[in-house]
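A.B. asks: I have a structure here, written as structure tokens, and I will follow up with some questions on it.
Only the coordinates and a few stated rules stand behind these numbers; no lab work does. Note that the structure is a prediction, hence the values are computed from the model and not measured. Note that each Cβ is placed from the backbone with ideal geometry, even for glycine, and that neighbours are counted across all protein chains shown.
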Amino acid sequence: GGDNSSSSSSSTVVEAKEEEGGSAKEQRKDETKGNDPQRSRQWLLKTPQYLIMLGELIMEYPDAEIIWTHRPPKDVLASLSAISTKLMGVVTDEIDPKNICKNVFVNTTSAIAKAMATRKALERMGLGKRFCDVQFDRLCAQPMATVRR
């Protein structure tokens with residue numbers, strides 16, 4: 001654990017040991033085919049979309065360790081809105097930036113709320129030590145020192 005700031009939660013990084021069976025595990029198996037066997041024992045998920053699946057990931061990978069990065073909400077929302085706008089531009093010329101921003105805000109705040117509730121439940125179950133909170137700015141400024149911490 002470390003810097004825990006619920007208002008600035010932005011994404012999770014999950015490392016999990018590979019096991020056999022199950023749909024998430026099958027997806028994991030497909031993603032690591034042909035990879036170095038030593039490296040395929042860890043799975044790195046680095047996207048805010050996994051926030052809504054935090055409980056399922058822990059259930060599927062009971063030995064998972066979660067590195068939870070924290071960024072200022074305005075930075076997260078600006079980044080996700082920009083990505084969403086670019087992706088929408090691939091399928092349509094009719095882009096409504098205000099609507100995209102609104103949807104990003106609603107979806108992101110909902111995902112963070114769900115992940116925080118799941119985390120609290122996991123902590124009540126004695127699984128709180130699986131989480132390590134990291135400030136994104138610190139990670140960018142001092143990556144090796146932050147990782148050693």
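A.B. asks: Loop-only check: which GluC sites (Glu not before Pro) in segment 46-149 are DSSP coil with at most 11 other Cβ within 10 angstrom?
C.D. replies: Glu94
A.B. asks: What full-extension length gain, to one decimal in nm, is calculated for Ala113 and Ser79 as 0.36 nm per residue of separation minus the Cα-Cα distance?
C.D. replies: 10.3 nm
A.B. asks: Name the long-range amide H neighbours of Asp133: under 5 Å, sequence gap of 5 or more, or other chain; modelled H, no Pro or chain starts.
C.D. replies: Residues meeting the criterion, in which the H sits 1.01 Å from N, are Gly2, Asp3, Trp68.
A.B. asks: Let me ask another. Taking amide H atoms as placed 1.01 Å from N in the peptide plane, list the residues 5 or more away in sequence, or in a different chain, whose amide H sits under 5 Å from that of Tyr61.
C.D. replies: Counting only residues 5 or more places away or on other chains, the set is empty.
A.B. asks: If you don't mind, another one. At a threshold of 8 angstrom on Cα-Cα distance, excluding pairs fewer than six apart, so keeping six or more, what relative contact order does segment 35-146 reach in percent?
C.D. replies: 42 percent
A.B. asks: Going down the table (Lys74/Lys129; Lys102/Lys129; Lys46/Lys86; Lys46/Lys98; Lys46/Lys74; Lys86/Lys114), which pairs top 23 Å between alpha carbons?
C.D. replies: Among Lys74/Lys129; Lys102/Lys129; Lys46/Lys86; Lys46/Lys98; Lys46/Lys74; Lys86/Lys114, the Cα-Cα distance tops 23 Å for Lys74/Lys129; Lys102/Lys129; Lys46/Lys98; Lys86/Lys114.
A.B. asks: If R0 is 35 Å, what FRET efficiency do you get for Val106 and Arg149 from their C-beta distance, rounded to 0.05?
C.D. replies: 0.55
A.B. asks: Residue by residue, what Karplus-based ³J(HN,Hα) values in Hz, rounded to whole numbers, does segment 70-86 have, using 6.51, -1.76 and 1.60 with θ = phi - 60° and x for Gly and Pro?
C.D. replies: 10, 9, x, x, 4, 5, 4, 5, 5, 5, 5, 5, 5, 5, 4, 5, 5
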